[in-house]
Every structure is written in structure tokens, then in C-alpha cells.
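Participant: Sharing a structure with you now.
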Amino acid sequence: MVRLKEVIVEADHLVTCNPSDKVIKNAAIYVVDGIISALGTKKEIHKDYSSSKIIDGENKILMPGLVNTHSHSVQTLLRGKADDLALLDWLKEVILPGEANFTANEIYVSSLLGFAEMIRTGTTTANDMLTTHDSEKGVEAAIECGVRTRIGKMLMDSNQGYPTSMIKSADEVMEEAIKHIGQYHGIENKRIKYSLNARFLLSCTPKLMKLIVETHNQYEDLMIHTHASESKAECKEVERIYKKSYIRALRDIGALGSKTIVAHGIWLDDDEYKIIKETNTRISHNPSSNSKLASGICDVKRYLEDGIIIGLATDGAPCNNNLDIFREMRLATFLQKIKYLNERTLPAKQILRMATIEGAKAINWDNDIGSIEVGKKADVIQVDLSDVNALPFYEPISHLVYSASGKDVSMVMIDGKIVFQEQTFTTLDINKLKEEVAIYQKKWIE
Ligand SMILES: [Zn+2]
């Protein structure tokens with residue numbers, strides 16, 4: 001994977017996701033050293049710039065790479081093993097034992113498979129939670145495949161029926177996390193940033209949460225990433241332990257703020273919405289996961305109307321069961337239309353922004369990514385418009401949200417490097433990865 005010194009990327013339609021949602025026909029961008037240096041019509045770009053490398057854009061939409069604001073790449077080998085279960089059973093019966101039993105190599109393979117699927121389907125940035133042990137192998141997979149990520153080990157110290165091998169003391173958990181911050185935070189041209197991933201309040205003691213908040217305040221550009229208010233049963237359990245509701249408990253611990261992203265956020269009362277707004281906490285919306293686990297329908301319309309920053313996400317493969325943000329866009333808009341029985345709720349343009357620039361804002365990376373604008377990093381994708389599901393073609397944003405799937409993505413560039421093109425991954429050996437997945441699969445079938 002070599003970053004080209006300069007490259008021109010063309011498209012029939014350039015969907016910028018800039019503040020005015022500008023779309024340019026017969027367009028091109030000029031990329032130098034991984035940075036978008038110019039954009040305009042093809043004519044303008046070729047008049048002013050030249051490059052030995054031109055990526056053709058016939059029948060293509062060029063758009064910002066998608067931002068997945070909540071993923072668990074490490075769970076990908078558990079895809080299809082945990083269907084039709086509610087959140088707490090799903091966790092206790094399959095997910096936590098599954099993660100706990102992974103060997104170090106399986107953590108690598110599982111994470112790489114997850115990132116490969118995200119890249120294949122147009123995601124260039126993932127806000128990712130690994131597991132409690134051998135998380136270095138997950139970070140290694142991210143470094144190798146070229147994905148942009150906030151990533152870190154899973155932090156948990158409370159043994160409430162979870163596998164004991166996953167539980168260490170709060171001090172031990174944080175000691176390892178702090179070591180990893182030193183090793184990984186800001187490496188690979190700042191493509192990899194560490195993240196403090198507090199699983200949820202039922203697996204983190206107040207002591208661990210306090211240490212997470214203290215550590216978080218000591219570092220530049222370090223976020224807290226956690227699950228909250230996902231299912232009613234979970235909220236009830238948190239209230240029983242903390243004697244207050246979930247979002248109030250997080251606020252009182254000091255865990256909310258603009259550098260915190262909360263995945264799900266479904267069951268909030270009026271004051272809890274106010275707390276999210278006042279603290280400028282970020283929300284990650286996971287429509288497929290919330291539907292499959294029957295957790296509930298997140299009130300995306302309300303978050304948007306309250307001016308709360310909210311991005312889109314897949315969650316992990318076992319609760320989805322895929323990692324394709326195109327499918328999340330489609331489902332997210334449909335769910336809001338049904339919730340409000342209003343066909344105008346969460347229109348295509350708005351959900352596309354949640355999958356790109358608003359997602360980038362949610363993880364505090366919008367200075368660099370999330371839109372195609374001069375000065376931003378070249379994290380861009382081309383979407384093919386030549387297949388039957390794209391015909392006829394009238395309007396690019398409608399097509400991206402309602403017709404396309406991740407399989408229509410034909411080129412993926414991250415940090416100016418092509419990581420997927422012409423059905424080929426440039427950063428990983430997909431056949432070797434498939435063989436490794438088959439070995440794990442065989443272990444469970446026999
Ligand atoms: Zn999750």
C-alpha cells in the first residue's frame with residue numbers, strides 16, 4: 001500500500017457532503033500527499049493540474065468515505081452464532097464467552113475480517129471496541145489493512161456472571177490501557193488513535209469509571225466510547241445498582257462530554273436528553289443492531305432537533321449481521337419514517353450526512369475527514385452506477401441511500417492510499433484470511 005505522490009480521481013457525480021451539500025457533475029479531485037488539494041469539474045482540474053495517475057470515474061459517484069461510529073471488529077468470527085436473542089442474554093450466552101475464548105490469532109483474524117468487510121463496503125473510518133485480552137492483535141489488524149480508526153481494548157472489571165478470564169482489577173485494566181495509549185495513540189500518520197472503551201456500566205465498577213475519566217482528561221484527542229441506554233432490561237439493572245437512571249449515572253461519574261460517544265441511547269427521559277445536550281455528548285445510532293436485538297427505536301429525529309451530534313453505526317457482526325453502512329442508512333431513515341408515520345422524517349440528504357460528516361463530528365475527527373473539501377485527508381470512495389440496481393439513475397443522493405449497497409463500492413482510498421479497487425484488497429491477502437476463517441469455523445462445526 002503506497003501513497004501516491006499525486007493522483008486525480010474522477011466521477012460522473014461528486015457528492016461532497018460539505019456545509020452546502022454541494023454535488024458537482026463531471027467532477028474530479030486532485031490529491032497531493034494524501035490531502036485533497038483541489039476539486040471542481042473535470043475540465044477545471046485537468047486545466048490546472050496534471051498527474052501520471054488518474055482514477056477513471058465513468059459511471060461512478062465519488063463521495064467521502066463512510067464513518068462507522070460504533071463497531072466491534074473483533075466479534076466478526078461470531079457472526080451468525082447469536083441470532084434471535086435479547087441484549088443481556090446475547091451478551092452472556094454467546095458474545096462474552098466467544099470473545100473470552102478467542103486465541104490471540106483469532107482476535108487478529110476476527111478483527112481483520114471485520115475491517116475487510118467495512119473497507120469492502122465503503123467504510124474508511126471505524127470507532128472500534130476490541131476485547132479484554134490480546135487487543136494488540138486487533139490494533140495490528142487495523143494498522144495493516146489501512147483503515148482509519150479510534151480503537152482500544154475493552155475495559156471491564158465487574159464480574160456479574162461474565163467469564164472470569166475477562167475480569168481484572170480496575171488498576172490492572174487501566175495500567176494496560178495507559179501502556180497502549182503510549183504505544184498506539186496517534187501512530188501511522190495519526191490514522192490510528194487510541195480510545196477508552198468502557199463496555200457499559202454493568203461491566204465497569206464506579207472505581208474503573210473514575211479511573212477512565214481521570215485518564216481521559218490527561219491526554220489530547222482521547223475519547224471515551226461506551227454503550228448506554230440500549231435495552232429496557234439493561235436500564236432497569238443500572239438503576240437498581242446506581243439508584244439513578246443511566247445517563248444521570250454517567251453524568252455524575254463525569255463520563256459525559258464532547259469527548260464521549262455513547263452507543264445506542266434509546267431509553268432516555270426528557271431530562272436525560274437535556275443532559276446529553278448540555279454536556280455536548282455524542283451519540284452513535286445503530287439501527288440494525290437495535291432492531292435485531294429488539295432493543296427499541298432510537299429517537300434520531302429528537303436528537304437532531306435538539307442539535308445533538310449523532311452518527312451512524314453497524315455495531316458488531318453478531319447483532320447485525322453485516323458491517324455495511326449503506327444498509328444502515330436505508331434502515332435508519334425507514335425506522336424514523338415509521339416511528340413518526342411521516343415520510344419526510346430523516347430524508348436521504350440528512351442520513352447521508354450522518355454516515356459521513358456528522359459521524360466524523362461525533363468522533364471529533366471532522367477537521368480531517370467526513371467531507372470532500374480542500375485541505376481534508378483523502379478518505380474517499382467511488383460507487384459504481386452501472387449495475388441493474390442503479391438503473392435508471394436520476395439523483396445521486398437518492399441512489400446512495402435507497403438503492404445502493406456496500407457491494408456497489410468500487411474503489412476505497414484512505415489517507416491517500418488505495419486500499420480496495422477492482423474487487424481487490426491492496427493491503428491484505430483475502431484468500432489467506434478466508435483460509436484462517438475456515439479454520440475457526442471448522443473448530444465450531446465439529
Ligand atoms: Zn456495541
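Participant: Around residue 276, under 13 Å between beta carbons, what's the net of Lys plus Arg minus Asp minus Glu among the other residues?
Facilitator: Details: positive: 248, 251, 274, 277, 282, 302; negative: 269, 270, 271, 272, 278, 299, 305, 306.
That works out to -2.
Participant: As I understand it, the dipole of the chain uses +1 on the Cβ of Lys and Arg and -1 on the Cβ of Asp and Glu, about the Cα centre. Which of 118, 351, 420 lies farthest toward its positive end?
Facilitator: Of 118, 351, 420, it is 351.
Participant: From the Cα gyration tensor of region 299-370, with a ≥ b ≥ c the square roots of its eigenvalues, which class applies: rounded if a/c is under 1.5, or else prolate if a/b is larger than b/c, or else oblate? Walk me through the numbers before you get to the answer.
Facilitator: Working: a/c = 1.90, a/b = 1.12, b/c = 1.70.
Oblate, because a/c is 1.5 or more while a/b does not exceed b/c.
Participant: About its Cα centre, how strong a charge dipole does region 319-364 have in debye, to the nearest 20, once Lys and Arg get +1 and Asp and Glu get -1 at the Cβ?
Facilitator: On the way: 8 positive and 4 negative charges, 33 e Å.
Here the size comes out at about 160 debye.
Participant: Here's something else I'd like to know. Dipole size in debye (nearest 20) for region 135-184 around its Cα centre, Lys and Arg Cβ +1, Asp and Glu Cβ -1?
Facilitator: 220 debye
Participant: Taking the alpha-carbon distance from residue 243 and a cut-off under 18 Å, which lysines remain once sequence neighbours fewer than 8 residues away in the same chain are dropped?
Facilitator: Reachable lysines: 207, 210, 232.
Participant: Before anything else, pin down the relative contact order of region 233-330: Cα pairs under 8 Å, at least 6 apart, normalised by residue count, whole percent. Don't jump to the answer; show the numbers that get you there.
Facilitator: Values: 133 pairs, mean separation 21.3, N = 98.
About 22 percent, as a whole number.
Participant: Treating only the Cβ of Lys, Arg, Asp and Glu as charged (+1, +1, -1, -1), what charge dipole size does the chain show about its Cα centre? Round to the nearest 20 debye. Before the final figure, lay out each step's value.
Facilitator: On the way: 55 positive and 62 negative charges, 110 e Å.
So the magnitude is around 520 debye.
Participant: So, one more: Within the chain, what's the longest stretch lacking trypsin sites (Lys or Arg not before Pro) that sit in DSSP loops with no more than 14 other Cβ atoms inside 10 Å? Before the final figure, lay out the partial values.
Facilitator: On the way: sites that count: 5, 53, 243, 244, 344.
Longest stretch, sites excluded: 54-242.
Participant: Among 320, 173, 255, whose Cα lies farthest out toward the positive end of the dipole of the chain, if unit charges sit on the beta carbon of Lys, Arg (+1) and Asp, Glu (-1)?
Facilitator: Final value for the positive-end residue is 255.
Participant: For region 295-412, what relative contact order do you get, as a whole percent, if you take Cα pairs closer than 8 Å and at least 6 residues apart?
Facilitator: After rounding, I find 25 percent.
Participant: Quick one: P(r) of region 303-446 from all Cα-Cα pairs, 10 Å bins, percents rounded to integers, in order of increasing distance.
Facilitator: 10, 30, 37, 18, 5, 0
Participant: With a Förster radius of 41 Å, plug the Cβ-Cβ distance of residue 43 and residue 188 into 1/(1 + (r/R0)^6) and report the FRET value to the nearest 0.05. Can you show the working numbers first?
Facilitator: On the way: r = 36 Å, r/R0 = 0.87.
The value I calculate is 0.70.
Participant: Also, I was wondering about something else. Relative contact order of the chain: what whole-number percent is it, with Cα pairs under 8 angstrom and at least 6 residues apart?
Facilitator: So the answer I get is 21 percent.
Participant: Can I ask one more? Rounded to the nearest Å, what's the spacing between the alpha carbon centres of region 403-442 and region 151-196? Just the number, please.
Facilitator: 27 Å
Participant: Now for a different question. Check residue 263: other-chain or 5+ apart residues with amide H under 5 Å from its amide H, H built from backbone geometry?
Facilitator: Residues meeting the criterion, in which the H sits 1.01 Å from N, are 226, 227, 228, 284.
Participant: Of all GluC sites (Glu not before Pro) in region 218-267, which ones are in loop regions per DSSP and have a Cβ with at most 12 other Cβ atoms within 10 Å? Numbers along the way, then the final one.
Facilitator: Numbers: sites: 220, 230, 234, 237, 239; in loops: 220, 230.
Counting only loop positions with at most 12 other Cβ atoms within 10 Å, the GluC sites (Glu not before Pro) in region 218-267 are 220.
Participant: I want the local charge near residue 136. Using Cβ-Cβ distances under 11 Å, sum +1 for each Lys or Arg and -1 for each Asp or Glu among the other residues.
Facilitator: 0
Participant: Also, quick follow-up: Amide H to amide H under 5 Å from residue 129: which residues, 5+ apart in sequence or cross-chain, H placed 1.01 Å off N in plane?
Facilitator: 71, 72, 73
Participant: Which entries in the list 22/42; 92/236; 274/339; 81/301; 5/47 go over 24 Å, if you measure between the two C-alpha atoms of each? Walk me through the intermediate numbers first.
Facilitator: Numbers: 22/42 15 Å; 92/236 17 Å; 274/339 21 Å; 81/301 33 Å; 5/47 19 Å.
Too far apart for the 24 Å limit: 81/301.
Participant: Write down the Å³ per residue value for the convex hull defined by the alpha carbon atoms of region 185-279. Please report the intermediate quantities before stating the final value.
Facilitator: On the way: hull volume 9.2 nm³, N = 95.
Cα-based convex hull of region 185-279, divided per residue, equals 97 Å³.
Participant: Rounded to whole Å, give me the distance from the Cα center of region 4-45 to that of region 220-275.
Facilitator: A separation of 40 Å, based on Cα centres.
Participant: Follow-up. Among 204, 333, 109, whose Cα lies farthest out toward the positive end of the dipole of region 66-362, if unit charges sit on the beta carbon of Lys, Arg (+1) and Asp, Glu (-1)?
Facilitator: Selected residue: 333.
Participant: Please compute the alpha carbon radius of gyration of the chain, then divide it by the globular-protein estimate 2.2 N^0.38 Å. Two decimals is fine. Could you put the intermediate results ahead of the total?
Facilitator: Working: Rg = 20.9 Å, N = 446, 2.2 N^0.38 = 22.3 Å.
Compared with the compact-globule rule of thumb, the chain sits at 0.94.
Participant: Also, quick follow-up: Jot down the per residue volume, in cubic angstrom and as a whole number, of the convex hull over the alpha-carbon atoms of region 1-144.
Facilitator: It is 148 Å³ per residue.
Participant: From the phi of every residue in region 118-125, what ³J(HN,Hα) in whole Hz does the Karplus formula 6.51 cos²θ - 1.76 cosθ + 1.60 yield, where θ is phi - 60° and glycine or proline is x?
Facilitator: 5, 4, 4, 9, x, 7, 9, 10
Participant: Quick check: residue separation of residue 386 and residue 88 times 0.36 nm, minus the Cα distance between them. What number comes out in nm?
Facilitator: Details: separation 298, 0.36 × 298 = 107.28 nm, distance 4.34 nm.
Residue separation times 0.36 nm, minus the Cα-Cα distance, leaves 102.9 nm.
Participant: Where does the charge balance sit around residue 219 when Lys and Arg score +1, Asp and Glu -1, over other residues with C-beta under 14 Å from its C-beta?
Facilitator: Values: positive: 150, 179, 190, 193, 259; negative: 214, 220, 221.
Every neighbour counted, the sum reads +2.
A short reminder: the numbers here are calculations on the coordinates, not readings from a lab. Computed from a prediction, not measured in an experiment: that's the story for all the values here. All Cβ positions, even for glycine, are placed from backbone atoms using ideal geometry, and neighbour counts span all protein chains on display.
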